[in-house]
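Presented below is the structure to which this report refers.
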Amino acid sequence: MANPDSLVEQLLEQMLFRTGRRPSESEQKSWSRSLPVLASDLIEAGLGGVEMLVEYHLPLTSQRADVVLAGLHPTTGRPSYVVVELKQWSAAQRYEGSIDLVDVPGMPGGPKLHPVAQVKGYCEYLSDFAKALADQPDAVAGVAYLHNATDPAAVAELRSYPASLGGRLFTGADRGDMQTFLKSRLSTESSGHTAGDTLIRSAVE
């Protein structure tokens, strides 16, 4: 993996090569605030060989996952993927008691879908439609990462959403826990490009 400081430009080139698409300025600005943080966490966890597939286009939809981490499972040695939904929120709470909707102070546009619900949906969709994963029901895991949320109390209400393999919440206050989870899904010996190519070239069911 690239040094986090030069990561954004290299991922721009990767995205252009893989998809023919170059992200907008607003997307690039968002990348620069989130991707180096995630990359630093991966390197610190010894997962520098994992590939980051940025703005991964879910097949047959217009939806894109922020990042799909592609590598090898530490136990089985088979391709393993972690879908990551990156949020720059420092605070959020449940919207009017809803478990699926959240209110983010200062953010326009009304209530947002809970990020764990969002990433869980991506994982389920990917598992259903990517033929390369047809015989690997547990090959895909998901995390929502609120890396700017360093005060646990500021996002405490979001913890009420049930955690599962397809979606769990991590914040800037529990980076160590997130790194432990990632290492349970991705080997430090990961060959990320091989796993990434397998997913990108997969037929769609």
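Filter region 73-85 down to residues that are touching a residue at least 40 places away in the same chain (Cβ under 8 Å) and open to solvent by 40 Å² or more (accessible area, probe 1.4 Å) and give me whichever is nearest to Ala130 (Cα to Cα). Let's see the steps before the verdict.
Restricting attention to region 73-85, the residues satisfying the condition of being touching a residue at least 40 places away in the same chain (Cβ under 8 Å) are 73-74, 77-85.
Filter again for open to solvent by 40 Å² or more (accessible area, probe 1.4 Å), leaving 74, 77-78.
Values: Pro74: 22, Gly77: 19, Arg78: 15 Å.
So, considering only residues that are touching a residue at least 40 places away in the same chain (Cβ under 8 Å) and open to solvent by 40 Å² or more (accessible area, probe 1.4 Å), the one nearest to Ala130 (Cα to Cα) is Arg78.
Can you go through Glu51, Glu55, Glu44 and tell me which one is exposed (fewer than 15 other Cβ atoms within 10 Å of the Cβ) and in contact (Cβ under 8 Å) with a residue 40 or more places away in the chain?
On inspection, the qualifying residue turns out to be Glu44.
Quick test for you: out of Arg94, Arg64, Arg33, pick the one residue that is without any contact (Cβ under 8 Å) to a residue 60 or more places away in the chain, closer than 24 Å to Arg159 by Cβ and of a type in the set (Lys, Arg).
Going through Arg94, Arg64, Arg33 in turn, just one is without any contact (Cβ under 8 Å) to a residue 60 or more places away in the chain, closer than 24 Å to Arg159 by Cβ and of a type in the set (Lys, Arg): Arg33.
Arg185: in contact with a Pro (Cβ under 9 Å, 6 or more places away or on another chain), crowded, with 18+ Cβ neighbours inside 10 Å and not small (Gly, Ala, Ser), yes or no?
For Arg185, the condition - in contact with a Pro (Cβ under 9 Å, 6 or more places away or on another chain), crowded, with 18+ Cβ neighbours inside 10 Å and not small (Gly, Ala, Ser) - is met.
Please work out if His114 is open to solvent by less than 20 Å² (accessible area, probe 1.4 Å), under 15 Å from Gln93 (Cα atoms), modelled with pLDDT of 95 or more and in contact with a helix residue (DSSP H, G or I) (Cβ under 8 Å, 6 or more places away or on another chain).
yes
Within the set of pairs 6 or more residues apart or between chains, which connect a residue that is of a type in the set (D, E, K, R) inside region 140-157 to a residue that is not in a loop (DSSP other than H, G, I, E, B) with Cβ atoms less than 6 Å apart?
Between residues of region 140-157 that are of a type in the set (D, E, K, R) and residues that are not in a loop (DSSP other than H, G, I, E, B), the close pairs are Glu157/Gln93; Glu157/Arg94.
Go through the residues of region 90-104 one by one and say whether even a single one is within 26 Å of Pro137 (Cα to Cα), polar (S, T, N, Q), at pLDDT 90 or above and out of contact with any helix residue (DSSP H, G or I) (no Cβ under 6 Å at 6 or more places or on another chain).
Looking for residues that are within 26 Å of Pro137 (Cα to Cα), polar (S, T, N, Q), at pLDDT 90 or above and out of contact with any helix residue (DSSP H, G or I) (no Cβ under 6 Å at 6 or more places or on another chain), one finds none in region 90-104, hence no.
Can Leu86 be described as part of a strand (DSSP E or B), more than 27 Å from Glu157 (Cα to Cα) and of a type outside the set (S, T, N, Q)?
On the way: part of a strand (DSSP E or B): yes; more than 27 Å from Glu157 (Cα to Cα): no; of a type outside the set (S, T, N, Q): yes.
No; evaluated as a whole, the condition is false for this residue.
Got a sec? Which of Asp103, Asp135 is under 18 Å from Asp197 (Cα atoms) and among the acidic types (Asp, Glu)?
Answer to the selection: Asp135.
Among the residues of region 58-72, write down those that are of a type in the set (Gly, Ala, Ser) and crowded, with 17+ Cβ neighbours inside 10 Å.
Selection gives Ala65, Ala70, Gly71.
Is it the case, given these coordinates, that Val140 is more than 18 Å from Gln88 (Cβ to Cβ), in contact with a helix residue (DSSP H, G or I) (Cβ under 9 Å, 6 or more places away or on another chain) and among the β-branched types (Val, Ile, Thr)?
Against the criterion (more than 18 Å from Gln88 (Cβ to Cβ), in contact with a helix residue (DSSP H, G or I) (Cβ under 9 Å, 6 or more places away or on another chain) and among the β-branched types (Val, Ile, Thr)), Val140 qualifies.
The values are calculated or read from the model by the stated rules, or taken from the named source; none is laboratory data. Since the model is a prediction, treat every value here as computed from it, not as a measurement. Because the Cβ atoms are built from the backbone with ideal geometry, glycine has one as well, and the counts that use them run over all protein chains shown. With ligands, DNA and RNA removed, areas are computed over all heavy atoms of the protein, side chains included. Shrake-Rupley method; radii C 1.70, N 1.55, O 1.52, S 1.80 Å.
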